[in-house]
Amino acid sequence: MTDELVLEMRGITKKFPGIVANDDVSLDVRKGEVHALLGENGAGKSTLMNILYGLYKPDEGQLLLQGKPAVFGSAKDAIQAGIGMVHQHFMLIPVMTVAENIVLGNEPVRDGVLLDERGAEERVRELSKQYGLAVDPTALIADITVGQQQRVAILKALYRGAEILILDEPTAVLTPQEATELFGIVRSLRADGKSIIFISHKLNEVLEIADRITVLRRGKKVATVSREGATEESLARAMVGRDVLLRVDKPPAEAGEPLLQVDDLHVFDDRGIEKVRGVSFAVRAGEIVGIAGVDGNGQSELIDAIAGLRKIESGTIELAGRTLEHATAREMLDAGLGHIPEDRQVRGLVLEFTIAENIALHDYAEPPDAKWGWLFPKKLVERARTLIREFDVRGGGPLSRAGTLSGGNQQKVVVAREIARDPRVLIAAQPTRGLDVGAIEFLHRRLVDERAEGRAILLVSLELDEILSLSDRILVLYEGELVGEHGADVSEEEIGLEMLGGRRTAA
Amino acid sequence: MAEQDDAPTVAGRLALAQRAGGAAGPVLTAVFALLLGGFVVLATGANPLSTYRAIFDGSGLNWLFPWVSGSARSFAATNLQQTLLLTTALVLCGLAVSVGFRCGLFNIGGQGQYIVGSIFALWIGSSFVTMNGPLHVVLAIAAATLTGAAYAGIAGLLKAITGAHEVISTIMLNWIAVWVGSWLVGQGGALQSHANGASVPISSAVAPATHLHVFWGNPVLQGLDVGFFFALAALVVYAVLLNRTTLGFELRAVGFNPEAARYAGIAVARTYVKTMAIAGAFAGLAGAIDVLGWEFQLGVTDIQTSQIGFIAIAVAVLGRNRALGVFFSALLFGALLTGTSTRNLDATVFRPDLAGNLTLIIQGLVVLFVGADVLMLWLWNRRRRLRVAT
Ligand SMILES: Nc1ncnc2c1ncn2[C@@H]1O[C@H](COP(=O)(O)OP(=O)(O)OP(=O)(O)O)[C@@H](O)[C@H]1O
Ligand SMILES: [Mg+2]
């Protein structure tokens, strides 16, 4: 890293109706540095980066590139100026090849009009060799993993000549192995003199990869610090403005009678492949059972089957003493199941609906929300107002569209809805994905509180840390079978081994 | 937060556009369509301004100006009655398309549902001639509404059970309705009139007791009947249904995000069937009101040349699937259709035989533009951006 500044953002202010997303924020980035951007959900990180990328126009403030003022009317201007961005939900065209996606919008041409297919593939190969980003240029996007798709998105930015690369929560969609690989790529880009702005909620990642760290809080810049001397605790405090409990503090469980009982369950996926193969377990009142496993080992199918969203081939599910056979989602909900689904934007929320409507998404047809088919919108709003306060949802009121909330606040809406229904059994699937430390603390504490209320909680997470710190019992799922069962005192290594199929402690 | 603005369904995106531009979008769309239509007029050698003026007068909307008096006024009144008769059918069929859109369904079957409704109204209205008048009317309207609902419900069921796309099934149902209808009123058909020795492919007329009351204008000259109020009431029903009932809640949830609706325990397939049935009910009602209000009998040509259900798609799209929007765009298209008809357009200003095409062109442009909502939004946002920048 040199001291040469490639980018300065000075006094950036951006207002949205009812909220100041960026308030007089200044940020400078040096050549060849990894600059992390930290902040709670809704702190304004994505907004600031969207301004840098030309997607939003700031209300006030100035951009300087290599010391010269720059004004971007669109992303095209920003790209031209050497800025690249990989959004959290990056957009590639699934029916096109890797090479086609990379050159799209800036295609090498042959004979004046035709796409130079070969030339494109050649360029992509060169780039991928230069930065150690292994991809197959001829593969279809639809056929490659999310981690590989992300590399394609990064390559696309490099192809367009990015000198400053923005990565918005790149690791949120990656497995731990893929994340390690991404860090390798980031390091080689840095060595090549590129500057990287890296957004993440995972403090350990930030400490591992960043040279300097800028913290935003509620739209304002709190500080820019260098990695040396920073700790997870100090960063969390800067973000949230108070001390954050990074470890869950919970008394031992007092488990009661079993509320969820799964017996010899077999479930197939959409392609007819058996994904859950004879799984049996129980979750008792007042305990948290965690299911650990590498993504794709049957977690989604297992949850969907319990939630009545997927057909059960054979086996039984018993909820609060009732055996439910081929129950619909509605019947499971009515029987006392709460479900925080894996992907809040696709499954958990109707983004176009208001917060009030989203909170009523299960109970809209029952009093006091409705009677004889009539809806009482005022009641929806009243209830939403109470829950927004109780669950500290920030960035909008009952009548704001859920889609305008930041990720963490969207998740709070889902959690509020599920817990407020007073379920006997609560399934939490990846409940903290994309959440900031403060929100994670809140959610974890809430789950522990709900445990104390006597609910049976089934936690499914790809984050081993989360499983280990929250669960009273841990089950390991590998290729659709439970291969291990442990108490809370098990070590990370033991579970890690079982997750990869290297050992089996349970039948 | 660009990533979150991507609604997963067509209806979702439509709703987004709706919110983004407010009323400005549709108004701009209509203005642009009329403007481009003006160029077409220019290309034929006529004067666009006086042509539009003539169309406006032909639609009877000049009746609204207090200074129009004497014979011009009574002439305008007759024209406006025509316009509002068309508006009535367009509102109801427009709602049939709109309600589908709000649930993420593209109901192209308004035409077929309308025909089924009109055939059943015709059948009930021309049979049971000894029945008590009001009861007869209610029976005819109810039969048309219910059969329209059932007919559209077939497309809903096909989608729910087999996943067949509603666009394909409603188009096929349109053709079935057209040809079965033609057969029924055509030569030797069950509903064919026996007058003139049963030589004309036209149905018998409905009993005079079933005619809807004409409250404005001359009943013999197709004055405006109370069916117009049915359309207004349907607009209110539509708005209330969507925003104040649990069914409307389900319908909108499925329209915006079927996956989230499924997770929330809403029976998505059943919602599709219900929505299509509601759509069919609106269109079937339109058919009954036209038959009992001013058509009274149907010929094979009537059935085969009617376009109401298709124009209704443009009505819904331009009206952004909202009650008020549907009303105004139905009025616009009703006025255009009446104003460009051979009978109403001043032939010295623009050739009426070409004028009908003008309506078609404008209709096409509207659909094209709203498809290009993006364009409108872009212009709109750009204007805002420029304002910020200066
Ligand atoms: N297009 C928009 N319209 C209205 N409000 C918006 C819009 N985009 C963002 N906001 C609001 O601006 C604030 C900052 O949002 P931003 O997306 O920048 O947060 P973030 O720091 O990226 O959060 P997260 O970590 O959850 O991604 C939030 O309160 C959000 O609700
Ligand atoms: Mg963000």
Does at least one position in the range A:31-49 carry a residue that is open to solvent by 10 Å² or more (accessible area, probe 1.4 Å), outside any helix (DSSP H, G or I) and more than 16 Å from ligand 1 (Cβ to nearest atom)?
yes
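Residue-by-condition table, conditions (1) free of Cβ contacts under 8 Å to residues at least 12 places away in the same chain; (2) within 16 Å of ligand 2 (Cβ to nearest atom); (3) in contact with a His (Cβ under 7 Å, 6 or more places away or on another chain); (4) more than 22 Å from A:Val240 (Cβ to Cβ):
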{"position": "A:Leu426", "(1), (2), (3), (4)": "no, no, no, yes"}
{"position": "A:Asp436", "(1), (2), (3), (4)": "no, yes, yes, no"}
{"position": "A:Glu441", "(1), (2), (3), (4)": "no, no, no, no"}
{"position": "A:Arg445", "(1), (2), (3), (4)": "no, no, no, no"}
{"position": "A:Asp449", "(1), (2), (3), (4)": "yes, no, no, no"}
{"position": "A:Gly454", "(1), (2), (3), (4)": "no, no, no, yes"}
{"position": "A:Glu466", "(1), (2), (3), (4)": "no, no, no, no"}
{"position": "A:Ser471", "(1), (2), (3), (4)": "no, no, no, yes"}
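Matching residues to (1) out of contact with any Leu (no Cβ under 8 Å at 6 or more places or on another chain); (2) open to solvent by 20 Å² or more (accessible area, probe 1.4 Å):
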site: B:Val268; (1), (2): yes, yes
site: B:Tyr272; (1), (2): no, yes
site: B:Ile278; (1), (2): no, yes
site: B:Ala286; (1), (2): no, no
site: B:Glu295; (1), (2): yes, yes
site: B:Thr305; (1), (2): yes, yes
site: B:Ile308; (1), (2): no, no
Quick check: anything in the range A:346-356 more than 7 Å from every other protein chain (Cβ to nearest Cβ) and among the basic types (Lys, Arg)?
no
Would you pick out the residues in the range B:304-361 that are outside any helix (DSSP H, G or I) and of a type in the set (Asp, Glu)?
B:Asp346
Just one listed residue, out of A:Lys14, A:Lys31, A:Lys45, is away from ligand 2 (no atom under 16 Å from the Cβ) and assigned by TED's automatic domain parsing to the domain that holds A:Lys221, and it is A:Lys31
Only one of (1) closer than 21 Å to B:Leu92 by Cβ; (2) open to solvent by less than 20 Å² (accessible area, probe 1.4 Å); (3) modelled with pLDDT of 95 or more; (4) within 14 Å of chain A (Cβ to nearest Cβ) fails for B:Leu235. Which number is that?
(4)
Among the candidates A:Arg217, A:Arg227, A:Arg212, which residue alone is touching a His at 6+ places or on another chain (Cβ under 7 Å) and of a type in the set (D, E, K, R)?
A:Arg212
For the range B:60-79, does any single residue satisfy the condition of being in a helix (DSSP H, G or I) and crowded, with 24+ Cβ neighbours inside 10 Å?
no
Yes or no: the range A:298-315 includes at least one residue that is open to solvent by 10 Å² or more (accessible area, probe 1.4 Å), within 11 Å of chain B (Cβ to nearest Cβ), under 30 Å from A:Pro252 (Cβ atoms) and not hydrophobic (A, V, I, L, M, F, W, C).
no
Tabulated pairs, the range A:279-294, first modelled with pLDDT of 95 or more and open to solvent by 10 Å² or more (accessible area, probe 1.4 Å), second aromatic (Phe, Trp, Tyr) and in a loop (DSSP other than H, G, I, E, B), C-beta under 9 angstrom, 6+ apart or interchain
none
Residue list for the range A:147-192, filter: among the charged types (D, E, K, R) and open to solvent by less than 20 Å² (accessible area, probe 1.4 Å)
A:Asp168
Can you find even one residue in the range A:279-293 that is within 14 Å of chain B (Cβ to nearest Cβ) and under 26 Å from A:Asp465 (Cβ atoms)?
no
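The values are calculated or read from the model by the stated rules, or taken from the named source; none is laboratory data. All values derive from a computational prediction rather than experimental measurement. Glycine also receives a Cβ, built like all others from the backbone with ideal geometry; neighbour counts cover every protein chain displayed. The accessibility values were calculated without ligands, DNA or RNA, using every heavy atom of the protein model including side chains. Shrake-Rupley method; radii C 1.70, N 1.55, O 1.52, S 1.80 Å.
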